[in-house]
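Contents: one structure, followed by commentary.
The values are calculated or read from the model by the stated rules, or taken from the named source; none is laboratory data. Since this is a predicted model, take the numbers as computed values, not measurements. Heads up, the Cβs are rebuilt from the backbone with ideal geometry, glycines too, and the neighbour counts pull from every protein chain shown. For accessibility, only protein heavy atoms count, side chains too; no ligands or nucleic acids. Shrake-Rupley method; radii C 1.70, N 1.55, O 1.52, S 1.80 Å.
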Amino acid sequence: MIAKLLPVVLLALGAGAGVGAGVALRPAPAAVPDGGGADVAATDEAEDHESGDGGGHGKGEEIFVDLDQQFVVPVLEDGRVNSMVVMSLTLDVTAEAEELAQTRRPRLRDSFLRVMLDHANTGGFDGTFTSNGAMDRLRGALKDVGRRELGPGLREVLILDFNRQDV
């Protein structure tokens, strides 16, 4: 009985994996020119200028600078690695600070890693480390050191991915 059922199960798993891979690797749909899109965008931009909110951040458009590589932070307990924290960060910057963020990326990564290591060494990744208070302290510290490098052009440090794996 199992010998007859095994090929059917393997076939179903293979088909499911193929469909999943096809969906995940599907190219983005092509943009369809509709002729009216530019007018709508211009109207939206004009409304932003009239309302004075500029997209919710003051002057300028939202620009996101990805810090391509993930940050890997060891969490030590009694001198031994107890767990590893992996984080991905993106910076929300003004148009004026975008080029500066790109050129200072190595300094930003170094500064952010120092903050994360300090956070880990003071127990920031222990217990309920994902609580709003703990995450706000980490975000605030990251934003402070980011502003030292980029100035007021750094609006926010966004934590996109966060994972802790016990070793």
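Name the residue that is least open to solvent (accessible area, probe 1.4 Å), counting only residues in segment 113-147 that are of a type in the set (D, E, K, R) and part of a helix (DSSP H, G or I). Across segment 113-147, the extreme among qualifying residues is 143.
Tell me which residues, restricted to segment 91-109, are over 20 Å from residue 161 (Cβ atoms) and either charged (D, E, K, R) or in contact with a helix residue (DSSP H, G or I) (Cβ under 7 Å, 6 or more places away or on another chain) (or both). Can you show your working first?
The initial filter retains those residues of segment 91-109 that are over 20 Å from residue 161 (Cβ atoms), namely 94-100, 102-104, 106-107.
Selection gives 94, 96, 97, 98, 99, 100, 104, 107.
Taking residue 80 as the residue in question, decide whether it is within 17 Å of the chain's Cα centre (by Cα), at pLDDT below 95 and among the charged types (D, E, K, R). When the stated conditions are applied, residue 80 does not pass them. Among residues of segment 127-154 that are closer than 23 Å to residue 62 by Cβ, those with a beta-carbon under 6 Å from a residue that is surrounded by fewer than 17 Cβ atoms within 10 Å (Cβ to Cβ) and among the acidic types (Asp, Glu) at least six positions away or on a different chain give the pairs 153/96. Is at least one residue of segment 126-140 within 16 Å of residue 70 (Cβ to Cβ), of a type outside the set (Lys, Arg) and modelled with pLDDT of 95 or more? Taking every residue of segment 126-140 in turn, none turns out to be within 16 Å of residue 70 (Cβ to Cβ), of a type outside the set (Lys, Arg) and modelled with pLDDT of 95 or more.
Taken over segment 73-95, residues that are closer than 23 Å to residue 148 by Cβ and outside any strand (DSSP E or B) amount to 2.
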